[in-house]
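Structure record follows, encoded as structure tokens.
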Amino acid sequence: MNVDRLVAGLDIGSAKTTAMIAEVVGELRTPGVRVLGVGQARTTGLRKGVVADIEETTRSIRRAMEDAERMSGVKVDTLYVGIAGEHVRAMTSKGIVAVAGAEITRADVERVNQVARAQAIPTDRELLHAIPQEYTVDRNEGIRDPVGMIGTRLETEMYLITIGSSPAMNLRKAVNQAGYKVRELVLEPLASALAVLTEDEKELGVALVEMGAGTTDVAVFHEGKIRHLGTVSFGGNAVSNDVVHGLGLTQADAESIKERYGSAYEPLVDASEVIQLPSTVTQGDRRIPRELLSHIIHQRMDEIFDLVQREVQNAGYQGRLSGGVVLTGGAAAMQGVPELAADVFGAGVRVGVPGEGLQGLADSVAAPRFSTVVGLAQYGAHRAALGGASGGRRMRIGGSGGMDAIATRVKTWLQDFF
């Protein structure tokens, strides 16, 4: 097996750390991945997407990676690592240049992109992604690729995503201590989007709602591009805590009961159904209506979806998302989640599961909780197919030879994909 065609994704969530090793297959423009191995470990060192304990996080990474390497029979050195959390910020930046010749060349496009990218980033932050949204040629707006067009003035609007330097450095340190290198940090909602969204959905307008344990991330796509990012500071753990307090259970028992009997939508639960709660020394055997458990979960999930809707509304996309809402992440797998979401959003809702473009052990990642790690591997597959440049965004355009062509294709792909 060609080691250059191996990619590995690492999703360090607040509840679980998931690793996936895959082989890049297929065409250069639309590479797929063959799933070779998957590993999972419980995370104890992360809080709301940020490293709170480096040693614990390192242990989780090492366990997940060892499982993935054992399953795949191969070793990897570098990882595409997901990052998310409330420290993520996004802003729009504009760039304007005069066109050098009679028609717009790729060098002109790169020049205007560099101008838009040259925003002053505070010292406590770092630039994660710079994604061109659209171009304007002599005040003609909405142009996706201006190369070859005739004009004298070229403008672009760039979506800049920045992250806190401290969370990023601690994440890299934990990965390094586990014995691996970070090939590239990738924003988790963008990775999930690669795994579960269709081009039609992104064109029509869609909200991707990634329901993790610590937080719920929101990414709005419209006219094929990422338009808004947001984070709601509640996730699956908040639901579990409500069950702990509402029913007087331990954290472990609450998780178990939630997974086995939980429903996020009360009308789906039979009013006569009764469930057995784990006995405790003080309370002994207990039986409760399943409706009570569902009521507790319903209330918290309803609040989370209300906050997501407010996020979409504040971004100016309320009523403009014809592609509806796609739910993904571990908490999206619970019974009743899509029904409740459809009630709250008043739009079409589906649960996003990775599957398209996957070969090999694809059934081992066929669940919403694997969306991010699959997307990270797919992101890495495009990097590998275009020359393996982890620093593709930083390659110099305007030189000569094969490297220039590869760099151009990487940039074009980044622009088209997000």
For this session: Round to the nearest 10 and give me the degree value, 0 to 90, for the angle of helix 165-177's Cα axis relative to the longest principal axis of the chain.
Result: 80
Seminar exercise, completed: Scalar couplings 3J(HN,Hα) for segment 356-366 by Karplus 6.51 cos²θ - 1.76 cosθ + 1.60 (θ = phi - 60°), nearest whole Hz, x for Gly and Pro, are 5, x, 9, 10, x, 7, 4, 5, 6, 10, 7
Exercise. Given labels modelled 7 Å from the Cα in the Cβ direction, how far is it in nm from Glu339 to Glu141?
Worked result: 4.3
For this session: Hand me the trypsin sites (Lys or Arg not before Pro) from segment 103-162 located in a DSSP loop with no more than 16 other Cβ atoms within 10 Å, in residue order please.
Result: Arg139, Arg144
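Just how many % of Cα pairs in segment 1-157 lie over 29 Å apart, if you round to the nearest whole percent?
Values: 5617 of 12246 pairs.
For segment 1-157, the share of Cα pairs beyond 29 Å comes to 46 percent.
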For this session: Run through every distinct alpha carbon pair of the chain and return the Kirkwood hydrodynamic radius in angstroms, one decimal place.
Result: 22.5
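Mind checking the per residue accessible area of the chain for me, 1.4 Å probe, whole number of Å²? It would help to have the intermediate numbers written out before the result.
Values: 17790 Å² over 418 residues.
Value returned for the chain: 43 Å² of accessible area per residue.
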Exercise. If you project the alpha carbons of segment 77-198 onto the principal axes, what extent comes out on each, in Å, largest first?
Worked result: 54, 35, 26
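Could the peptides 9-21, 290-302 be put in order, highest first, of the mean number of other beta-carbon atoms found within 10 Å of their residues? Walk me through the numbers on the way to the answer.
Numbers: 9-21: 27.2, 290-302: 20.0.
So the peptides 9-21, 290-302, ranked by packing, come out 9-21, 290-302.
How large is the helix-only mean residue ellipticity at 222 nm for the chain, computed as the sum of -39500 (n - 2.57) over DSSP H runs with n ≥ 4, divided by its residue count, in deg cm²/dmol to the nearest 500? Walk me through the numbers before you get to the answer.
Details: 11 runs with 147 residues, N = 418.
That comes out to -11000 deg cm²/dmol.
Taking the Cβ of Val344 as the center, what net charge do the other residues with Cβ under 9 Å away carry, scoring Lys and Arg +1 and Asp and Glu -1?
Values: positive: none; negative: Asp302, Asp306, Asp343.
Summing Lys and Arg as +1 and Asp and Glu as -1 gives -3.
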Exercise. What net charge is computed for the residues neighbouring Pro289, neighbours being all others with C-beta under 14 Å from the C-beta of Pro289, Lys and Arg scored +1, Asp and Glu -1?
Worked result: -1
Problem set entry | Percent antiparallel among DSSP beta bridges (both partners in the chain, rounded to 5) | 75
Exercise. What are the ³J(HN,Hα) values, in whole Hz, obtained from phi via the Karplus relation 6.51 cos²θ - 1.76 cosθ + 1.60 with θ = phi - 60°, for each residue of segment 74-84 in sequence order, with x given for Gly and Pro?
Worked result: 10, 10, 10, 10, 10, 10, 8, 10, x, 9, 7
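Please state the shape class of segment 264-364: rounded when a/c is under 1.5, otherwise prolate if a/b exceeds b/c and oblate if not, all from the C-alpha gyration tensor. Mind dumping the intermediate values first?
Values: a/c = 2.65, a/b = 1.51, b/c = 1.75.
Oblate.
Take Lys181, Lys75 and sort them by solvent-accessible surface of the protein heavy atoms, 1.4 Å probe, largest at the top. Don't skip to the answer; put the middle values down first.
Working: Lys181 130, Lys75 160 Å².
Order by accessible area, largest first: Lys75, Lys181.
Any idea what the alpha-carbon Rg over 2.2 N^0.38 Å comes to for segment 220-294?
1.50
Could you state, as a whole-number percent, how many of the C-alpha pairs of segment 110-175 are farther apart than 17 Å? Can you show the working numbers first?
Details: 1109 of 2145 pairs.
Result for the distance tail: 52 percent.
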Exercise. Given the Cα atoms of segment 23-115, and with Rh set as the inverse mean 1/r over their pairs in the Kirkwood sense, what is Rg to Rh to two decimals?
Worked result: 1.18
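Quick check: convex hull of the Cα atoms in segment 193-326, volume per residue, rounded to a whole Å³?
Details: hull volume 14.9 nm³, N = 134.
Once divided by residue count, the hull of segment 193-326 is 111 Å³.
Beyond 21 Å, how much of the Cα-Cα pair distribution for segment 168-246 remains, as a whole percent? The partial results should precede the final answer.
Details: 1469 of 3081 pairs.
Tail of the P(r) past 21 Å holds 48 percent of the pairs.
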For this session: Just need the relative contact order of the chain here, percent rounded to a whole number, with Cα pairs under 8 Å and 6+ apart.
Result: 19
For this session: Using a 1.4 Å probe over the heavy atoms of the protein chains, calculate the carbon and sulfur portion of the accessible area of the chain as a whole percent.
Result: 48
Exercise. Using mean Cβ contacts within 10 Å as the protection proxy, how do 374-384, 346-356, 308-318 order, highest first?
Worked result: 374-384, 346-356, 308-318
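The values are calculated or read from the model by the stated rules, or taken from the named source; none is laboratory data. In this text, all values refer to a predicted model and were calculated from it rather than measured experimentally. When we count neighbours, we look across all protein chains shown, and the Cβ atoms used for this are built from the backbone with ideal geometry, even at glycine. Accessible surface is based on the protein model in full, side chains and every heavy atom, while ligands, DNA and RNA are left aside. Shrake-Rupley method; radii C 1.70, N 1.55, O 1.52, S 1.80 Å.
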